[in-house]
Structure formats: structure tokens, C-alpha cells
Amino acid sequence: MTTENTETALSGEVITTSEGSADVKAQMLKENEQIIKRNWAKATEKVENVYRALTIIHTNDLWKLHKDAKGKRKYTAFDQYLFGEFGWELTRVRALQIIKATRAKMIEDGELPASAAEPRKRTAPEVSSEKAAKVTADQLDKVLTAFGTRTANIDSGDPDRAEIVRIYNDAYEVIGSIIGDLREMVNRIEAETASENADETTEVAAEVAS
């Protein structure tokens, strides 16, 4: 006796058959095509709305408004934002491809100004004067040290050695002076900060005592 193992199709499910007939397959095709026709327009509209919202957020740098518990920027990269807020594992490259195409359409439809199509300039994060001075002094010090090492390793028989030694000595004097000024600035700022903190501590202690 032969048996036919045919599972009944449910909405959105795939039918598996061991001895599927042409009629069963035709019915499966019809039902699933109907599902697509009923939901495709809605699904497309939802995706387009998501892409539009994503483009507005990216174009206006709104995603950078998220802050952590310390008040600093919560996300340093756009793909981090997508995953952190939505669990969306979309690569940065793919996200920017989608945004670029959506932005062009939104500009054409008048939803975004034409200026939104201009390349966005990358801006460096803001730093304090103290940090700028400290980091720059360290960088210049490394450059000067590397210059000095290379100069010392030049073959003594090199006809141009005297010239590069002279240039190094000049650079050492000028850059060394700049490094000194920067470190002096850092020390001054740190001293002023320490003094302000001490004054604040004294005021708090006085208030507590009273």
C-alpha cells in the first residue's frame, strides 16, 4: 500500500511533499503569490519610510546627539548607532549606499534642500587648550628625537652630512623652544585648575562647618 505524505499549506509556510502532485504545487504557488501581492506594497512603503528617517538622521547628524552616562557622545560611528539603537547589523558602507540613493530621491521630491547633496565635511572632535598643548608637545618631541637619531646615523663620509646636521641643530633650537612653551602652558593650566579645585574644596568645607 502506498501513502502520500502531503502537508497542508498554512499562510506563509512552505509545503513539503514526498510525492507532491502538480495540483498541490500549483495551489502552493497561487497561495504564496497572493501573500506577496497583499503585503508587498505595505512592506515596500515601510522600508522606504525607514530609509527616509535614516537619511534625515544621518544628513543632519542627529545620531550624534545620543550621550552616555558621563555626558559624552554615546556613538563614535554610524554603524555603532544603528546596532546600538535598533540592533541593525548594517555595515557602514551599505548604510551610506542606501542613504545616498534615498537622499537623491528626497532632494528630487523637495523633501531635502539641494545643499544636502554636497559632500559632508569631516570635523575633528573638540579638545581643550591643555590637551592640544600636551599632545602637540609630545608629538613634536617624538619628531625631534627621530630627526636626531637619523642624523646621528648618517655615514660620516656622506658629503651632505654637515648640511643636515646644521638643519637639525636649527630645528632643535626652534622646535625645542616651541615644546618648552607648550609644556609651560600645560603646567600653568594644571596649576590654575588645582588652585580652583582647592578653593572649591575650602568653600565646601566652610559651608559644612557652618
TODO: Go ahead and collect, in residue order, the members of region 61-99 whose backbone nitrogen is under 18 Å from a label point 7 Å along the Cα-Cβ direction of residue 117.
DONE: 97-99
Open item on the list: Starting from 0.36 nm per residue, how many nanometres of slack lie between residue 104 and residue 188 once their C-alpha separation is accounted for?
Closed with: 25.1 nm
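Within a Cβ distance under 13 Å of residue 37, other residues only, what is the Lys/Arg minus Asp/Glu net charge? Numbers along the way, then the final one.
Values: positive: 30, 38, 42; negative: 31, 33.
It works out to a net charge of +1.
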Task: Pairwise label distance in nanometres, residue 174 with residue 64, each label 7 Å out on the Cα-Cβ vector - done: 3.4
Open item on the list: Spelling out what I want: for every residue of region 90-107, take phi, set θ = phi - 60°, compute 6.51 cos²θ - 1.76 cosθ + 1.60 (Karplus), and round to whole Hz; glycine and proline get x.
Closed with: 9, 5, 4, 4, 5, 4, 5, 5, 5, 5, 4, 5, 5, 4, 4, 5, 5, 5
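With a sphere of radius 14 Å drawn around the Cβ of residue 148, what net charge do the other residues whose Cβ falls strictly inside it have (Lys, Arg +1; Asp, Glu -1)? Working shown, then result.
Values: positive: 142, 150, 161, 166; negative: 141, 170, 173.
Local net charge: +1.
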Task: Cα convex hull of region 22-117, projected area averaged across orientations, nm² - done: 9.1
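With the cut-off at 1.5 for a/c, could you classify region 129-193 from its C-alpha gyration tensor as rounded, prolate or oblate? List each step's numbers first, then the result.
Details: a/c = 5.02, a/b = 3.22, b/c = 1.56.
Cα axes put region 129-193 in the prolate bin.
Please rank 40, 63, 88, fewest neighbouring Cβ atoms within 10 Å first, as an exposure proxy.
Values: 40 10, 63 19, 88 13.
Fewest to most other Cβ atoms nearby, the residues stand as 40, 88, 63.
Any read-out appearing in this document is the output of simple, stated calculations on the displayed coordinates, not a laboratory observation. As the structure is a prediction and not an experimental result, all values here were calculated from the model. Counting neighbours? That spans all protein chains shown, and the Cβs are built from the backbone with ideal geometry, glycine included.
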